[in-house]
Amino acid sequence: MKTQVCIIGGGPSGLLLSQLLHLQGIDNVVLERHSREYVLSRIRAGVLEHGFAELMREARCGDRMDREGEIHEGFFIAHDSRLDRVDLHRYSGGSSVVVYGQTELTRDLYDARDRMQGKVVHHAEDVKPHDLTSATPHVTYRDGDEVVRIDCDFVIGADGFHGVSRKSIPKGVLREYEKVYPFGWLGVLSRTRPVSPELIYAKHERGFALCSLRSQVLSRYYIQVPLSDKVEDWSDDAFWAELQRRLPGEVAQRMITGPSIEKSIAPLRSYVAEPMRYGNLFLAGDAAHIVPPTGARGLNSAASDIYYLYHAMLAHYRDGDDSGLDGYSAKALARVWKAQRFSWWMTMMLHTFPDSIDYDKRLQDTDLAYLFSSEAALRSLAENYVGLPF
Ligand code: RFL
Ligand code: PHB
């Protein structure tokens, strides 16, 4: 098989790039290890920044998002038994975010790929990139007993944190930066009315909690848990009781509980791999960088990678201009590191750290006190949360 761009990974990053390139007549193939049902069963992000929503529209995948997604112009931070609102609209100069689940967004991308008869291979086993530093790289995968070879101009590594792409860059070339946090988030999805129409991020001495949503009938809640906890340790009743303990009384009182329809634990990690290009391999999204979910940046950082890659590929094929490809890694990483900083800051401010000393706790309190007493601090939070410009 021959194509122009071979994309490894059929998550949101890979599918969005595939769709954008195809619309410009650039031939591509997506290789996904799992089934479509598996990819769509993972409950992950819920908050999309404005620029991502625009990119979905440009990819002609924005109709359902615009119909069913909710525009949010603010969120709350609960601390010390009070609820303070961050007015995103006011402090970001009129911007907002869209609450629309990653599952729905991925479904829309798959539907769009189907409509255009895009080439998406599921159950692609043993995907391996080859000859990445040559002008003629190729990718192989196994389909049952058969090994299939795809010759291409470029390979895109959009295969998430555990994918094969980043691992195919020689150790001496790759520089990795990592910070692992001593806790995870236990998440529950439930078909109940959300406790608040806007998100609530809660700082509490028992641990962080987040009240999020997918719609006005579907809630998504998280609580900070030790890394040693297992999902089986948490009955629904235990989860609701702990969530309520971590929220201000008036919020806890109006919480509607119900059976969980999904429950999972995600460890929190910050990670960046540099550079994001090796020969004709380009990394994008979680394959190159991970953030703790506190700042809602992960999927949004993937979107900016795709934006830069899409425009770089377009300039290459349309104008013979390679400056975008040559500058991709530096440009993407500059924005990635700002998302890292913001996610780290939100995480450090709002979580309970098992080894923190009294001094650290006073600094956390001061961070929040400063935030809600300074317009400059609120502006900084808002501009990062709605998304820095691409
Ligand atoms: P994905 O989604 O991991 O997709 C990668 C795809 O590649 C496939 N794959 C392979 N395919 C072929 N061969 C191989 N060897 C392969 N290895 C892997 C996988 O099966 C998969 O389908 O990466 P992508 O596309 O870069 O997307 C990144 C996002 O998924 C991620 O950043 C976000 O979910 C992070 N995130 C959030 N981001 C936000 O912007 N806003 C949020 O509100 C938000 N909330 C979250 C989150 C992540 C969470 N978890 C569980 C980590 C909340 C949580 C709890
Ligand atoms: C979610 O709804 O899953 C969500 C929202 C905001 C975050 C993280 C996760 O910061």
Charge dipole of the chain about the Cα centre (unit charges at C-beta), most positive-ward option of Ser81, His204, His22: Ser81
For Asp321 and Ala369, compute 0.36 nm times the residue count separating them, minus their Cα-Cα distance, and round to one decimal in nm. 12.3 nm
Between their Cα atoms, which of Lys203/Lys230; Lys338/Lys361; Lys119/Lys171; Lys128/Lys338; Lys171/Lys331 are more than 29 Å away from each other? Lys119/Lys171; Lys128/Lys338
Treat every Asp and Glu Cβ in the chain as -1 and every Lys and Arg Cβ as +1, leave all other atoms uncharged, and give the resulting dipole magnitude about the Cα centre to the nearest 20 debye. 240
Efficiency of FRET between Glu70 and Ser264 - r from beta-carbon atoms, R0 25 angstrom, step 0.05: 0.60
Describe numerically, in nm with one decimal, the distance between label points set 7 Å from Cα along Cα→Cβ at Val231 and at Lys171. 3.4
Run the lone-cysteine check on the chain: no other Cys C-beta under 4.7 Å from the residue's C-beta. Cys61, Cys211
Using only Cα atoms, find the angle between the long axis of helix 323-350 and the longest principal axis of the chain, and express it within 0 to 90 degrees, rounded to the nearest 10. 20
Largest to smallest principal axis extent of the C-alpha atoms in the chain, angstrom: 61, 41, 40
5 angstrom amide H check on His204, placed H, neighbours 5+ away: Ala209
With a 1.4 Å probe and every protein chain left in place, tell me how much accessible area Phe372 has, in Å² to the nearest 10. 60
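The values are calculated or read from the model by the stated rules, or taken from the named source; none is laboratory data. Because the structure is a prediction, the values reported are computed rather than measured. Neighbour counts are summed over all protein chains in view; Cβ atoms, including those assigned to glycine, are modelled from backbone coordinates with ideal geometry. Each accessible area value is taken on the protein alone, full model and side chains, heavy atoms only, with ligands, DNA and RNA left out. Shrake-Rupley method; radii C 1.70, N 1.55, O 1.52, S 1.80 Å.
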